[in-house]
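Here is the structure we will look at, set down as structure tokens.
The values are calculated or read from the model by the stated rules, or taken from the named source; none is laboratory data. Please read these numbers as outputs of a predicted model, since none were measured by experiment. Heads up, the Cβs are rebuilt from the backbone with ideal geometry, glycines too, and the neighbour counts pull from every protein chain shown.
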Amino acid sequence: MSRPEPYFYVRYTWWKAHDIVGLTSKLKERFTVMELRRPDEKGEFISLGERDIARIEVKADTLSAYIAPSKAVLFQKESAPFTKRDMELRETLLALYPHVIPAPIPLFYRREPKFKMHATS
């Protein structure tokens with residue numbers, strides 16, 4: 001039997017951009033937060049705009065996320081059951097980034113991938 005794919009899910013805000021400094025302070029209380037390297041003038045990152053460039057990485061146990069003012073990319077490096085801290089990070093980010101598409105024009109729809117909870121969580 002093959003191992004399931006690692007969790008990968010992208011979420012957005014539409015009309016609001018989060019203050020990354022304030023968000024960092026809030027998330028540091030429960031999770032590991034690291035500032036990411038900023039792109040240089042050569043345009044290393046391809047992005048729809050400044051609001052989509054990840055500024056911090058947040059880590060729980062098996063779940064991590066790249067956070068930008070209007071976009072959050074939740075991911076696991078290896079597929080594993082979510083712990084309580086992973087679920088707390090997931091729920092926090094889904095509340096802060098409530099949309100599954102980047103704009104209110106419904107060109108497509110993304111479903112959240114399936115995941116398992118750790119048996120002792």
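When region 10-40 is limited to residues that are hydroxyl-bearing (Ser, Thr, Tyr) and under 15 Å from the mean Cα position of the chain (by Cα), the one that is surrounded by the fewest Cβ atoms within 10 Å (Cβ to Cβ) turns out to be Thr32.
Scanning region 90-102 for residues that are touching a residue at least 40 places away in the same chain (Cβ under 8 Å), within 13 Å of the chain's Cα centre (by Cα) and surrounded by fewer than 18 Cβ atoms within 10 Å (Cβ to Cβ) yields Leu94, Leu96, Pro98, His99, Val100. If you scan region 71-89, which residues turn out to be within 14 Å of Arg11 (Cβ to Cβ) and crowded, with 21+ Cβ neighbours inside 10 Å? Once the filter is applied, which keeps residues that are within 14 Å of Arg11 (Cβ to Cβ) and crowded, with 21+ Cβ neighbours inside 10 Å, region 71-89 yields Lys71, Ala72, Leu74, Leu89.
Could you run through region 65-83 and say how many residues are without any contact (Cβ under 8 Å) to a residue 60 or more places away in the chain and more than 20 Å from Pro4 (Cβ to Cβ)? Within region 65-83, residues that are without any contact (Cβ under 8 Å) to a residue 60 or more places away in the chain and more than 20 Å from Pro4 (Cβ to Cβ) number 5. Evaluated against (1) out of contact with any Phe, Trp or Tyr (no Cβ under 7 Å at 6 or more places or on another chain); (2) outside any strand (DSSP E or B); (3) modelled with pLDDT of 95 or more, Tyr66 falls short on exactly one condition, (2).
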